[in-house]
Structures are given as C-alpha cells and as structure tokens.
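Chemist: Submitted below is the structure of interest, expressed as structure tokens.
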Amino acid sequence: MAYLVCEDLTFSYDGRTVIDHLSFSVDKGALVCIVGENGAGKSTLVKGILGLKKADTGSVRLADGRGHSMPQIGYLPQQSEQVKDFPASVREVVRSGCLGARKCSRLGFSLSSLYPFYSAFEKRQADAAMERMGILSLADRNCSELSGGQKQRMLLARGLCAAGRLFLLDEPTAGLDTAATADLYQLISELNREDGMTILMVTHDPAVLPRLATHVLHLGQLQNFYGTLDEYRETELGRRYLGGEIR
C-alpha cells in the first residue's frame, strides 16, 4: 500500500530546474535510500516533502489523502543545518518534538498556544523516545556537551516525538566517525524493521544500500531511477553507483 505519493514534482532555484517532473510512491514500511551526485536535488526533495520548499509543479500526499503535514513526519536535517550548541538539556530538546505534533491543520492553528506546558502523555512519550535511542541517562545533560553520535540520537528521539510513521533523514551520518556511523545505521535499521517506521534517507554512502535499503531513488542530472534494491542492481546506473563510479 502506498504510504507516500509524490506526483509530477518539479523544483527550481533562481530559474534553474533541479528536479524535473518526478513521480514515485513509497510503500508503508519501506526504507528508501535517496542517492545521486551533488546538485541533483536530494535535499531539495526532502524539503519539498516536508513542505519547506514549494514545488513548481506536482503534489505530495500521505496515505490518508491529505497533503504533506509536518506533524506527521519526523525529520533529521543535515548537521550543517542544526544549531550546534542549544542552551537546553537533552530532555528539553527531545520534548520540543511534541510541539510540532500538536499542530492541527484542519483547525488551522497550533494547539501549543492553548496548552503551553507538556502533558503527562508527552513527557512519557519523550522519555520513551530517549530510552529507545539509548540516551535516557543523558536527559539532564546540556546538549552542547554531547558527542556527534549522541546528538544524532537526541535528534532522532526528537523526531520520534513528532513522527507518525514516516521519518526523513538527510545525510544523518555526515561528520560522524566510523563507530558512530555504524551505531546510527543500526538504530535506523531497527526503527524500520522492528518499529515499522517508513524511512526516506539521503545518503552518499553506496555501502549502506545493501545493508539498509528496500528501495532506491537515484536522482541524476540526466537520468532518474526508482525501484527496489534488486532492480537497481540490475541497471547500469545502479552498477556504476554501487561500484563507486558516481559520487
């Protein structure tokens, strides 16, 4: 069953088209790796799905038929887009994910304005997300004191508080060392395979595809591909990327 449908999407910057009439659908429980050379529009697509970038043409729909909705989608941005030194504890950062989930698009306003404090349910939800990410013991630490891998776990926990069953990850391992990268990939795999989370992940690491991906979306200057990992392996584009010829 299609959980996310992107139809005829076109995005441009300053008159230059970066994604041209792209259509694909993501089944519930899939883990889609978004790959391709620099400048092909990978991060632009993620922002378009989130509604942070307006498409020139096309639409994004979730399984219930509604348009994209930030409260239903967890998001882990590139580290370059994150504030490095939040003046807040890990617990405060993780709980803040609940604020986006309060937004009620049908009513047209945010419930945060009516309920400025976290509910008991939201506090339990944040604690459960921290425990799931293995950082509950760090809850009272200032997040500026965390390592790169711990920060990513914190932001994943924050995203879990905002997510329904869909998570978008934009190069989540960028800047992490080998051990932290392997650790984060394991967490992502568990979220997908054990928790049933549907995940779209931008990556520049061909080696991670055989380990994690059920599907591949390859964005290119001249050619796009969307399909299963096995189908991707059979294409010239897939063989070149997995062989390290495309960066």
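Chemist: If I ask for residues that are in contact with an Asp or Glu (Cβ under 8 Å, 6 or more places away or on another chain), within 20 Å of residue 163 (Cβ to Cβ) and polar (S, T, N, Q), which ones from region 199-226 would you list?
Modeler: 203
Chemist: With touching a helix residue (DSSP H, G or I) at 6+ places or on another chain (Cβ under 6 Å) and not hydrophobic (A, V, I, L, M, F, W, C) as the only criterion, which of 53, 42 stands out?
Modeler: Numbers: 42 fails: touching a helix residue (DSSP H, G or I) at 6+ places or on another chain (Cβ under 6 Å).
Just a single option satisfies the conditions, and that option is 53.
Chemist: Related question: Can you tell me how many residues in region 112-139 are among the polar types (S, T, N, Q) and modelled with pLDDT of 95 or more?
Modeler: So the answer is 1.
Chemist: Pairs under 6 Å by beta carbon, first residue free of Cβ contacts under 8 Å to residues at least 12 places away in the same chain in region 3-32, partner surrounded by 15 or more Cβ atoms within 10 Å (Cβ to Cβ) and not acidic (Asp, Glu), six or more apart or different chains?
Modeler: 20/10
Chemist: Are any of the residues in region 64-71 open to solvent by less than 30 Å² (accessible area, probe 1.4 Å) and modelled with pLDDT of 95 or more?
Modeler: Checking region 64-71: not a single residue is open to solvent by less than 30 Å² (accessible area, probe 1.4 Å) and modelled with pLDDT of 95 or more.
The values are calculated or read from the model by the stated rules, or taken from the named source; none is laboratory data. None of these values were measured; they are calculated from a predicted model. So basically every Cβ, Gly included, is an ideal-geometry build from the backbone, and we count neighbours across all protein chains shown. In case anyone asks, the SASA skips ligands and DNA or RNA and just uses the protein heavy atoms, side chains included. Shrake-Rupley method; radii C 1.70, N 1.55, O 1.52, S 1.80 Å.
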